[in-house]
1. For a label point 7 angstrom out from the Cα of ALA150 toward its Cβ, which stretches of segment 93-113 have the backbone nitrogen within less than 12 Å?
2. What spacing in nm lies between the two simple spin-label points modelled at THR166 and THR85, each 7 Å away from Cα in the Cβ direction?
3. First measure r as the distance between the Cβ atoms of SER129 and THR159, then evaluate 1/(1 + (r/R0)^6) with R0 = 25 Å and state the FRET efficiency to the nearest 0.05.
4. Using alpha-carbon pairs under 8 Å, 6+ residues apart, how would you state the relative contact order of segment 77-165 in percent?
5. Could you tell me what a quarter of the Cα convex hull surface of segment 82-188 works out to, in nm² with one decimal place?
Amino acid sequence: MKRGLTLTSIALLALAITGCGNKLSQPMPGPTPESRAAQPGAAQSTLNAGGQAGGPLVPATNVPPATQQAMPPAAAGPAPAREFTVYFDFNKSTLTSAGREVIKHAAAAAQQGSIAHITVTGHTDTVGSAEFNQRLSERRADTVRRALIAAGVPAGEVTARGVGKTELAVPTADGVKEPRNRRAVIAEGGPGA
């Protein structure tokens, strides 16, 4: 019995002297030096004698000092911006059933969070004149704005603007019917008007 206690005491004393007691863990794939440096406050990793993860464990000696510092607590700020996209049929500003579903989800998200403001931006494809597309994009944005208000979003929190064919989701030449450009983007959490 004394011999078992003596061996245990010696092992604990050896761990205490070498400082290894709390740094050994089950071997697992280790992070790259780049990802390790990007994780302030992360626990020190362990490597085998060859510098690879796994095998007999020894304390890592190449952990950058920055990984041993604690990160300051994150400051409370505004809710992160979220976007929802409503697509339109060619030369139309009326909502499709899919568009109504997107608006329903956007309105629910806006009502659940602490959103400061919602901006709806209408877009078009490149078919037609700049003036025609500007008016169509404004109608699309206003259609979505009115639908958000009807779904319970306060009118004072929603603004609408049209950008015509100037901010394309999919760059195309003039005169191209690209369905992904015919849209209105609902941006929640943006700055107020």
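1. Under 12 Å, as judged by backbone N against the label point of ALA150, lie 94-97, 100-101, 103-104 of segment 93-113.
2. The modelled label-to-label distance comes out at 2.0 nm.
3. So the FRET efficiency works out to roughly 0.50.
4. Reported as a whole number, the value is 33 percent.
5. Computing the convex hull of the Cα atoms and averaging its projections yields 5.9 nm².
Only the coordinates and a few stated rules stand behind these numbers; no lab work does. Computed from a prediction, not measured in an experiment: that's the story for all the values here. Methodologically, a virtual Cβ is constructed for each residue, glycine included, from the backbone with ideal geometry; neighbour enumeration extends over all protein chains shown.
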